[in-house]
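**Q** Have a look at this one before I ask anything.
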Amino acid sequence: MDGAKASEDIPRPTKEWIFQKPLPSKPQVLNATMSIRWPASFEVVFLVRNLKLGKQWNQIFCIGKKVVSLYTNGGPKGKVEWGSLCFLVCGRKYGVAGGEIKDGDKVHAVLTFDGKGDGKMWKDGRLIADSAASGGGSDPNAPIMQIENCPLSILQDEGCMEIQKLCIYEGLVLEEVHVKELHAQNEKTVGTKLPPITQKGTPERPVQVLPAKEAKEDLLLKWEPSLLFGENATGMEDTFWTATETMHIEPHNGELFASFSMWMSSRAKLPIKGPTKVFVARLSSPGGQWVVDWCGDDQHHKGISKFAVRIDCLKSMELNWDCHGQQLKPPVQQLVICTSHGNFGNCIMLRDDGDDTAPGTRHRWHEVRYTGEEYPGKSMGARSRAAPPRWGDRCRPHHCRGWSPWSAVWGLRPGEQSPRKELECRPLALVEANGMAFMSSASRILRRTDGPDPVWKVLIDVAEFRRDAVNPDVGGVRGMTPIPGPSGPSNESLLFVWAPNTQVEARVLRTDFDKDGSVKAPAEETSLTALAREYLQTPCLGYTLAAYNNMPATKLGSVPCNLIGFEICAHPGAKVPVDPGQQATYGGYWSGGGIVCRVSSSDYFVTQVGGRGGVSQPLTAVRCFANSPFPSEPNAVYCGGYDCNGFPSEHTAWIYKATPT
């Protein structure tokens with residue numbers, strides 16, 4: 001039982017490279033770019049072929065310029081018949097005589113570093129170094145270097161070494177029990193026999209860089225278009241309508257609603273001089289057609305929302321209190337959209353579910369224009385940083401007591417002070433966790449303290465931990481979503497994507513809470529950029545934008561998970577399909593509809609709309625998800641998206657449905 005429990009509790013690597021037999025035999029088998037945050041652990045399995053073929057220092061793998069390096073020291077000119085295993089990290093060298101290796105050895109090494117100056121090296125399940133050497137090229141007091149877009153090289157040193165596996169565990173210092181279990185598993189799975197040496201002139205087998213969760217990629221799903229525009233239009237009752245981006249998909253009272261954008265369309269050029277025909281669509285049954293439920297071109301509509309370039313929010317909210325502080329019994333389920341208009345203000349539109357007297361298939365919506373102020377920033381129009389918070393599909397609105405359409409922030413009671421001083425730019429999330437309300441803006445997460453005089457205060461500033469500059473156009477904290485915490489569902493955690501700018505990898509972080517409500521420092525779970533590189537089998541991928549709305553819990557096929565939509569920039573040489581409408585000198589955006597699935601904190605995998613290979617049209621970005629509200633398809637998931645990224649676009653919005661087969 002103890003052994004079984006240890007296997008279940010053993011951590012899973014966040015990055016993994018496995019090389020199949022016959023092993024490659026060439027000086028460098030992998031050259032990639034990567035980023036890692038301390039603390040971190042490294043697991044390496046390699047075969048010692050012929051130490052004399054190498055030099056004094058035989059590299060096994062290295063990251064950056066001596067940031068992290070594992071190598072053997074074979075003595076002057078490499079003439080000795082044994083070598084000492086050495087681990088160099090941030091100027092600190094770990095290695096003792098107990099690390100001797102010789103030709104024919106298969107070595108299982110584990111290296112850990114806490115990011116503060118302490119490291120350890122294990123060989124074949126045994127601790128051989130727990131402190132850095134002094135002298136001999138080692139400095140225990142050297143500055144801690146960060147691994148951000150550093151080159152990763154896995155080497156063979158002219159046939160001296162052959163690498164079987166490299167695993168990286170980000171955010172974790174492996175303990176002795178983990179190391180011993182990993183070593184035991186390695187003995188069972190990797191084996192002890194050396195493969196034959198590749199002879200000169202023998203064609204080399206290409207290196208296989210495998211995703212850690214390759215088996216889950218082949219999900220048993222049927223993908224079919226629910227709504228497309230343009231030449232291949234499908235799913236819309238009236239083909240006159242079009243859009244460039246699907247912003248949100250939201251169930252409401254047994255039907256499905258979707259909101260759209262006309263950003264970068266020739267029909268919505270700035271300055272706006274007439275109705276843009278941005279609309280909300282409605283689907284009443286799985287086999288039915290989408291119809292227009294609201295559009296600002298209604299001749300009876302006198303408000304400014306008809307000039308909106310995109311709909312910033314679509315949410316079905318449960319309202320428990322009215323604007324006078326009186327409790328609503330029963331609560332009201334209200335479908336709401338929000339639009340922003342730069343210096344002209346911001347609008348809330350409320351659907352009247354019982355009034356279908358608007359033209360055609362439409363319902364009556366009532367507009368409230370409630371502010372004319374903007375948050376700081378250069379963006380205008382569709383990308384306005386104005387209130388209200390653009391929480392998108394993020395809000396679980398049960399905490400929105402005291403809602404008033406004249407409040408600057410949803411959830412404020414009449415007279416409650418708005419946290420505008422703490423908001424650097426547009427708020428991107430408003431959620432409830434552990435009975436409290438939280439909001440995010442740039443690098444900050446704010447918490448609302450309830451009471452007679454409620455107040456919003458900064459709970460945590462992620463930039464203080466990550467030390468990345470925040471570009472408001474990218475976001476910072478994105479897609480904040482409450483999830484069950486490590487101690488159980490009664491103590492929730494906040495999951496979010498940290499995407500501060502275009503220069504660093506997009507990463508998934510999690511903030512946990514103690515039982516007394518105190519918050520813990522954000523813990524990193526994975527790098528979305530690294531997962532995409534593994535899935536697409538290329539290091540030539542960069543800027544990643546993810547979690548446009550939230551990361552909803554669902555079941556994709558038979559796998560319970562949280563879904564994270566993303567887009568990623570492909571540099572020249574990536575050899576992946578690129579959106580033909582979004583190409584530039586730096587490359588372009590991958591045309592697939594990428595989805596990262598979070599099964600647990602240590603279990604992530606990547607898939608895409610349509611499965612491996614995608615669909616024929618460019619999807620480029622997955623923005624939103626919704627579980628089907630229809631009883632006849634209980635496990636279906638709808639997803640939609642596209643991101644124009646500043647490129648002229650027409651008819652590019654889309655919605656697809658995934659159904660288990």
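**Q** Longer than 23 Å from Cα to Cα, which of Lys65/Lys93; Lys269/Lys657; Lys457/Lys520 are they? Say none if no pair is.
**A** Where the Cα-Cα span goes over 23 Å, the pairs concerned are Lys269/Lys657.
**Q** Order the peptides 427-436, 351-360, 125-134 from the highest to the lowest mean number of other Cβ atoms within 10 Å of their residues.
**A** Highest to lowest by the protection proxy: 427-436, 125-134, 351-360.
**Q** On to the next question. Using amide H atoms built in the peptide plane, which far-off residues or other-chain residues are under 5 Å from Ser493 H to H?
**A** Close amide H contacts, sequence-distant or interchain: Ile483, Gly485.
**Q** Mind listing the long-range amide H neighbours of Phe229? Cut-off is under 5 Å, sequence gap 5 or more, other chains count too, H placed in the peptide plane at 1.01 Å from N.
**A** HN-HN under 5 Å from Phe229: Thr234.
**Q** Follow-up question, since we're still on this one. For segment 516-636, what is the largest minus smallest coordinate of the Cα atoms on each principal axis, given in angstrom and ordered from greatest to least?
**A** Projected onto its principal axes, the Cα set of segment 516-636 covers 51, 43, 22 Å.
**Q** Packing-wise, with mean Cβ within 10 Å as the measure, how do 580-591, 329-340 rank, highest first?
**A** 329-340, 580-591
**Q** Take the Cβ-Cβ distance between Asn491 and Arg126 as r, set R0 to 60 Å, and report the resulting FRET efficiency rounded to the nearest 0.05.
**A** So, using R0 = 60 Å, E works out to roughly 0.95.
**Q** Using amide H atoms built in the peptide plane, which far-off residues or other-chain residues are under 5 Å from Cys425 H to H?
**A** Excluding prolines and chain starts, which carry no amide H, the hits are Ala442.
**Q** How do 39-45, 147-153, 256-262 rank on mean C-beta neighbours within 10 Å, highest first?
**A** Packing order, densest peptide first, comes out as 256-262, 39-45, 147-153.
**Q** So for segment 419-521, what percent of the C-alpha to C-alpha distances run longer than 21 Å?
**A** Tail of P(r) above 21 Å: 31 percent of Cα pairs.
**Q** Let's test the formula: R0 of 25 Å, r as the Cβ-Cβ distance of Asp603 and Thr502. What FRET efficiency results, to the nearest 0.05?
**A** Calculated transfer efficiency: 0.30.
**Q** Determine which residues of segment 628-655 fall in the zone a paramagnetic label at Asp473 would reach in this model, i.e. backbone nitrogen under 15 Å from the point 7 Å along Cα→Cβ.
**A** Label zone hits: 644-648.
**Q** Note down the nm distance, to one decimal, between modelled labels 7 Å out along Cα→Cβ at Glu224 and at Asn635.
**A** 1.7 nm
Coordinate-derived values only; no laboratory data. Not measured: the values here are computed from a predicted model. Counting neighbours? That spans all protein chains shown, and the Cβs are built from the backbone with ideal geometry, glycine included.
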